Amino acid sequence: MMKGFYLKAILIVFVAGAVGACSNKKIENNIKSLEKRVAALEGKSGITPASTSAPATPAANLGSDTEFPVMKFVQTEYDFGSVKEGDIVDYTFKFTNTGNFPLIINKATATCGCTVPEWPKKPIAAGESGEIRVKFDSKNRKNLQTKYVNINANTKPEVTRLKITGNVIPKDDSNS
């Protein structure tokens, strides 16, 4: 009876050890891969990041664009034309992640409370598309308006700026 118990205990320990060894080997390989990427990004190894045609800037020293998601917008500016004061205008900016890694938008902020962005909260896979909807409330706004929305994401550069412009016709001028 005890012999069977010991055999089962030894078998369980052996299986657990084998599973743990496989998992540890995979983890070790992932760590080595990440350490190589960090070293390349820091320029501390014989590995050099892929060169880019962009001028040398602090962001350019982080590595090649292939190491980051890339937000490729159809357009980054929208002119809503003329609207009456109090009208709400919205526009949807469309983009595609043309990079090789999932795109994560951390936040989208507007330069004014009259402008409200909505963005995808889930990662956008490489090759997939997404949308950023921007609403502008013209209440208490008059004449030429220019508003910006800053998109913070795991891209290079980290911030992408969208712009909406237009003319708000004041209420007292709308009958003219």
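The values are calculated or read from the model by the stated rules, or taken from the named source; none is laboratory data. What you see is a predicted model, and the numbers here were worked out from it, not measured in a lab. Glycine gets a Cβ as well: all are built from the backbone with ideal geometry, and neighbour counts include every protein chain shown.
Observations, loosely collected:
- Scanning segment 99-125 for residues that are within 12 Å of the chain's Cα centre (by Cα), loosely packed, with under 15 Cβ neighbours inside 10 Å and in a loop (DSSP other than H, G, I, E, B) yields a count of 4.
- Test: residue in segment 71-91 that is under 14 Å from the mean Cα position of the chain (by Cα) and surrounded by 16 or more Cβ atoms within 10 Å (Cβ to Cβ): yes
- Test: residue in segment 155-162 that is in a loop (DSSP other than H, G, I, E, B) and polar (S, T, N, Q): yes
- Residue under evaluation Lys94, criteria (1) farther than 16 Å from Gln145 by Cα; (2) of a type in the set (D, E, K, R); (3) in contact with a helix residue (DSSP H, G or I) (Cβ under 6 Å, 6 or more places away or on another chain), criterion not met: (3)
- Residue in segment 126-136 that is in contact (Cβ under 8 Å) with a residue 40 or more places away in the chain, part of a loop (DSSP other than H, G, I, E, B) and surrounded by fewer than 18 Cβ atoms within 10 Å (Cβ to Cβ) present: yes
- Single residue of Lys94, Lys107, Lys139, Lys171 found to be of a type in the set (Lys, Arg) and within 18 Å of Lys72 (Cβ to Cβ): Lys94
- Cβ pairs under 7 Å, 6+ apart, first in segment 98-115 and under 12 Å from Ile132 (Cα atoms), second part of a loop (DSSP other than H, G, I, E, B) and modelled with pLDDT of 95 or more: Ile105/Trp119; Ile105/Pro120; Ala108/Trp119
- Here segment 137-160 is the region considered, the condition is being of a type in the set (Ser, Thr, Tyr) and modelled with pLDDT of 95 or more, and the residue that is surrounded by the most Cβ atoms within 10 Å (Cβ to Cβ) is Ser138.
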